[in-house]
Amino acid sequence: MFHLLDIIGTLAFAMSGALTAMSKRMDPFGVYIIAFVTAVGGGTLRDILIGRTPVGWMVDLEYVFMISIGFVLALLFRKRFDQLRTSLFLFDTIGLGVFTLIGLEKGINVGLHPVICIALGTMTACFGGVTRDILCNEIPVIFRKEIYATICILGGLVFFGLRSFNLESDIMYLITSIVIISVRLMAVKWKWYLPTLEHKS
Amino acid sequence: MFHLLDIIGTLAFAMSGALTAMSKRMDPFGVYIIAFVTAVGGGTLRDILIGRTPVGWMVDLEYVFMISIGFVLALLFRKRFDQLRTSLFLFDTIGLGVFTLIGLEKGINVGLHPVICIALGTMTACFGGVTRDILCNEIPVIFRKEIYATICILGGLVFFGLRSFNLESDIMYLITSIVIISVRLMAVKWKWYLPTLEHKS
Amino acid sequence: MFHLLDIIGTLAFAMSGALTAMSKRMDPFGVYIIAFVTAVGGGTLRDILIGRTPVGWMVDLEYVFMISIGFVLALLFRKRFDQLRTSLFLFDTIGLGVFTLIGLEKGINVGLHPVICIALGTMTACFGGVTRDILCNEIPVIFRKEIYATICILGGLVFFGLRSFNLESDIMYLITSIVIISVRLMAVKWKWYLPTLEHKS
């Protein structure tokens, strides 16, 4: 189940990367690379930081496979993208939840402090999108608009809160994902966002 | 003493990152991340390159703590920033000196050649600022204006020069930091900078 | 022979980085760093991803040496650059071929799947240029115009095709480089490029 969601998240992130790259008039190779980086960038940074090499996607070909499928789907359906926006958003939200959990789990396995585990979970979920935006020469969108990463942090807090009750892993995973996914859905529906900080120098 | 200066440098770098991010109208999360990356980016790159993982800030929570304080201070005092400019500049210069030394030391511990140690020291001191500028979508300032990194290289040369006299570590550290800090202060006071290279293609 | 080509590729990549940086009006330090990153960026990313640390250029000083020569050459000859364009292009193409092969080889040594080895080879050859463009605040050129990376992938396919015939390493290397180099020359001569993908959102 967990693995299935990981696959869905990878697919959704790859599609979101491909669509962004196409809007920048890149060639197919560029589009593929951006799709790739969006999907595995977060996990790659996480694995490098904790010293888990070769990094995840190099030893498990499923990621390359799912990204290729995401790339092809984005190519095929790019004209009907508006109709797909809702499904894509849903997939992306699932990816957000699952990737946060995977990051939390890897951090715990290496014996890191909860604060650092939450940072790892947030990075796993968000860094792919940051790299996508840098490669497309834009200020990363998560630094400016959506309360995207904040939700990952919240999810991490919920997870460690539940952990102190000695619940079963599966139940903690389930509740944490539900929290992340539902807060994101509410945030977008009711347009929650953080205020911009300004500093006149 | 050395550790105290590391803490002061981290704080100053975090504040400089936060203030830059606020000038770009980012939300609080974005500001925090830029502060974080500015403070630990250099050390993270260094640790990854020499294979020292999990990287420094993941195993020593003091960094997260100091960055959070720097973030809060930058928020609170952003309106009075002009009056603080001198103190902040001084902290930043201390950070420059200390971070260079830490990089040099780690390189020596891994048995690398002095040239590579100097590169590591320079990276430790400068890469955080480079990442800050990339995330804010600007050409890194150290490539264009200030003789920032050049001072780190100079500090590294002084350090290895002193080392050939078999001085005590503490004395070498002290002299090297004084050189770095005073050259930077003079460079800013008398507006020393490297000429721009131009190439018409 | 292989090593000599590696050296020529490093030199050419360093010069191409230096020339790009000079066109952005950077100071000498900035120009040197961009030259450095363009030359070793690909190999550094590869080594980090497979966990081979300290990374290549830290333990073999020849790279630093060649990059410094490339930097000086670029400085000296920047006014006569137009006359050198052809030689530089040739060096760059040799670098492309050699770096792809080195990446393929390292991947095989770590026991990775051919698909991942091809990705490593392509990264080794292309990531330096990508970093150069990001640091110069541009959308990486290989994502938009030239069929640069596609040629590396093609080279990788040829390599693994030949490998199934149990040829000697030297012969496989030779044929693969000839394919990469000649396809690139033809691609530039006859202006082959991939069509841009567009997506109206």
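Taken together, the values in this text are just the output of simple stated rules run on the coordinates, not laboratory data. Just so it is clear, the model here is predicted, and its values are computed rather than measured. Backbone-built Cβ (ideal geometry, glycine too); neighbour counts: all protein chains shown.
Observations on the model:
- Nearest-20 debye value, the protein assembly as shown charge dipole, Cβ charges on Lys, Arg, Asp, Glu: 1960 debye
- When C:27, A:47, C:60 are arranged by Cβ crowding within 10 Å, least crowded first, meaning fewest neighbours, the order is C:60, C:27, A:47.
- Rounded to the nearest 20, the size of the Cβ-charge dipole of segment C:2-189 about its Cα centre is 560 debye, with Lys and Arg at +1 and Asp and Glu at -1.
- Other residues with beta-carbon under 12 Å from the beta-carbon of residue A:53 carry, at +1 per Lys or Arg and -1 per Asp or Glu, a net charge of +2.
- Under DSSP loop assignment and at most 12 Cβ neighbours within 10 Å, longest GluC sites (Glu not before Pro)-free interval of chain C: C:1-167
- Neighbouring partner chain Cβ atoms per residue of A:51-61, average, 10 Å criterion: 6
- The ranking of B:68, A:87, A:16 from fewest to most other beta carbons within 10 Å of each one's beta carbon is A:87, B:68, A:16.
- Compactness of segment B:2-189 - radius of gyration and Dmax, Cα, Å: 15.9, 51
- Segment C:1-85: trypsin sites (Lys or Arg not before Pro) in DSSP coil with no more than 16 other Cβ atoms inside 10 Å: C:25
- For chain B, with +1 on Lys and Arg beta carbons and -1 on Asp and Glu, the positive-most of B:130, B:97, B:48 along the dipole: B:130
- Cleavage-rule hits (chymotrypsin sites (Phe, Trp or Tyr not before Pro)) in segment C:82-149: DSSP loop, at most 14 neighbouring Cβ within 10 angstrom: none
- Scalar couplings 3J(HN,Hα) for segment A:174-181, obtained by applying the Karplus form with A = 6.51, B = -1.76, C = 1.60 to θ = phi - 60°, are 4, 5, 4, 5, 4, 4, 4, 5 Hz; x denotes Gly and Pro.
- Most positive-pole-ward Cα, B:59, B:26, B:10, against dipole of segment B:1-65 from beta carbon charges: B:26
- Selection from A:121, A:159, A:72 lying farthest towards where the dipole of segment A:2-189 points positive, charges on Cβ: A:72
- In terms of surrounding Cβ atoms within a 10 Å radius of their Cβ, C:169, A:164 rank from fewest to most as A:164, C:169.
- Mean residue ellipticity (222 nm) of chain C, computed from DSSP H runs ≥ 4 via -39,500 (n - 2.57), nearest 500: -25500 deg cm²/dmol
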